[in-house]
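Asker: After the C-alpha cells below, expect a handful of questions from me.
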Amino acid sequence: MKKFGIACVMVLFSVSIACAEWMVDFRDTYSTEGIDKAVEKALKDGRNPDLIVEVGLEIEGLNPQNLVRALYCAGASGQDIRAAAEKWKISEPIVVAGYKKSIDECGDRVADSQAYTPVATGPSFATPSGGRGGSFASPSTF
C-alpha cells in the first residue's frame, strides 16, 4: 500500500510539473512572439480555451479582448470561448469586441471555423406569417 501511495504522489508531482512547464512556455511564447502564437501553440498542444483564458488573464498587460481575438483567430470553438469567458468573468461586450476584431484581422478563417448561431432580431420569416400574428393565404385555400 505504501508503494501505491508513493506512486500516486509521483504521478501527481509529474503532472503538476508538466502543467507548470506549459504555463511558463505559454508566457515565454507570449513575450517573444505575441498572444496569437502563444494561443495557437497552446491549442495545438491540446490545451482548451478555459485553461488558456485562465493563464492568459494572469499575464500583466494582456488585454482580455486580445486574448479572445487570438482564440477566435486560432480556430477555437466560439461556444468554448464564451464558456471560458463567463467562467473567468470576461464581460460579454469584451467577448463581442474580440470576436469582431478577429473577423477584421483574421477574416474568413474565423467565420469558417465558427458554427452558425442565429440571432433573434426582428421578425422571423421562417413562420408563415412572417413573425407577426394573423392569418395567411395558402394556395391550397383558394
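The values are calculated or read from the model by the stated rules, or taken from the named source; none is laboratory data. What you are looking at is a predicted structure, and each value in this text was computed from that prediction instead of being measured. Cβ placement follows ideal geometry from the backbone for every residue including glycine, while neighbour counts extend to all protein chains displayed.
Asker: Looking only at the range 26-76, which residues are surrounded by fewer than 16 Cβ atoms within 10 Å (Cβ to Cβ) and small (Gly, Ala, Ser)?
Answerer: 31, 34, 46, 61, 75
Asker: Answer yes or no: is there a residue in the range 37-47 that is outside any helix (DSSP H, G or I), touching a Phe, Trp or Tyr at 6+ places or on another chain (Cβ under 9 Å) and at pLDDT 95 or above.
Answerer: yes
Asker: Also, I was wondering about something else. Quick test of your reading of the structure: residue 38 fulfils all but one of (1) out of contact with any helix residue (DSSP H, G or I) (no Cβ under 9 Å at 6 or more places or on another chain); (2) of a type in the set (A, V, I, L, M); (3) under 24 Å from residue 96 (Cβ atoms). Name the failing condition by number.
Answerer: The one condition residue 38 does not meet is (1).
Asker: Scanning the range 63-115 for residues that are closer than 24 Å to residue 45 by Cβ and among the hydroxyl-bearing types (Ser, Thr, Tyr), which turns out modelled with the lowest pLDDT?
Answerer: The qualifying residue modelled with the lowest pLDDT is 113.
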